[in-house]
Amino acid sequence: MRTVSLVLAALCLAGVSQADLVINGADPAASWAGWMNVFEMNGTYLWGSAWGTADLRASFDENGILTLAPNTNCWNPQDAYWVNPDLTPNKLMEANFMQEFGGGALASQTVTFNFVVGTNTLPEEYNARAFIKVLDPQAGWATVQYEYADLAPGPGSVSLTVGDFAAAHTQVGFSLMGPVADPAGPVAATGVTIVPEPATLALLGLAAALLRRRS
């Protein structure tokens, strides 16, 4: 008990506060869902749909590391909707890998999403983000709040205080935006990796450092 008390005291001395909901990293045991938004190459929104996480190309390995990679399952050179005759991509894909909290469950609460990016090998035409998003079904599922951080290697965090929306759906997760990719091409081998449970390790390291400093 003394060790626990010392750690908690150290965190208090460091000015660490607890938000209403803290999500640390990408937990393989959490309930993750997939959603794909499709755009013209000029950025004009076309449609969105629920999407299998495997087809998003979002997956965990045996060590709990999450990899996000460019979408390839829509690549079809025989269909000009997806691929131009010159074999260049004809659609932008925004793959969303997320947890969702519906029914206004997080109204007026602060949500914090902590994560650590291991690597990012995506080409410059792709953009990967961590995000917290609030959708209002009473306003045609409009996005009424949105905070994000680009996924550069190293630790990151996003925080948002959810508005007082009675039926709002709060989404927390990662998005990857870029052209549909040829599964046989070099872009398909690129991606972003997310290391699991960063904040717990970071806070324990901070506490240990403070304890050493005070001993």
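Summary of computed values
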quantity	calculated
Odd one out for ALA69 among (1) buried (at least 18 other Cβ atoms within 10 Å of the Cβ); (2) without any contact (Cβ under 8 Å) to a residue 24 or more places away in the chain	(2)
Test: residue in the range 76-92 that is among the polar types (S, T, N, Q), at pLDDT below 95 and part of a loop (DSSP other than H, G, I, E, B)	no
Condition check for VAL38: at pLDDT 95 or above and not in a loop (DSSP other than H, G, I, E, B)	yes
Qualifying residues in the range 107-161 (those that are among the small types (Gly, Ala, Ser), touching a residue at least 40 places away in the same chain (Cβ under 8 Å) and farther than 23 Å from ASN71 by Cα) - the one surrounded by the fewest Cβ atoms within 10 Å (Cβ to Cβ)	SER108
Among residues of the range 54-68, those that are farther than 12 Å from ILE194 by Cβ and aliphatic (A, V, I, L, M), counted	2
Given (1) surrounded by fewer than 19 Cβ atoms within 10 Å (Cβ to Cβ); (2) at negative phi, index of the condition GLY64 fails	(2)
Answer residue from the range 93-106, given it is assigned to a loop (DSSP other than H, G, I, E, B) and crowded, with 17+ Cβ neighbours inside 10 Å and is modelled with the lowest pLDDT among those	GLY104
Some residue of the range 51-60 being outside any helix (DSSP H, G or I), modelled with pLDDT of 95 or more and within 26 Å of VAL162 (Cα to Cα)	yes
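The values are calculated or read from the model by the stated rules, or taken from the named source; none is laboratory data. Worth saying up front: this structure is predicted, and the values here are computed from it rather than measured. Positions of Cβ are generated from backbone atoms using ideal geometry, with glycine treated the same way; all protein chains shown enter the neighbour counts.
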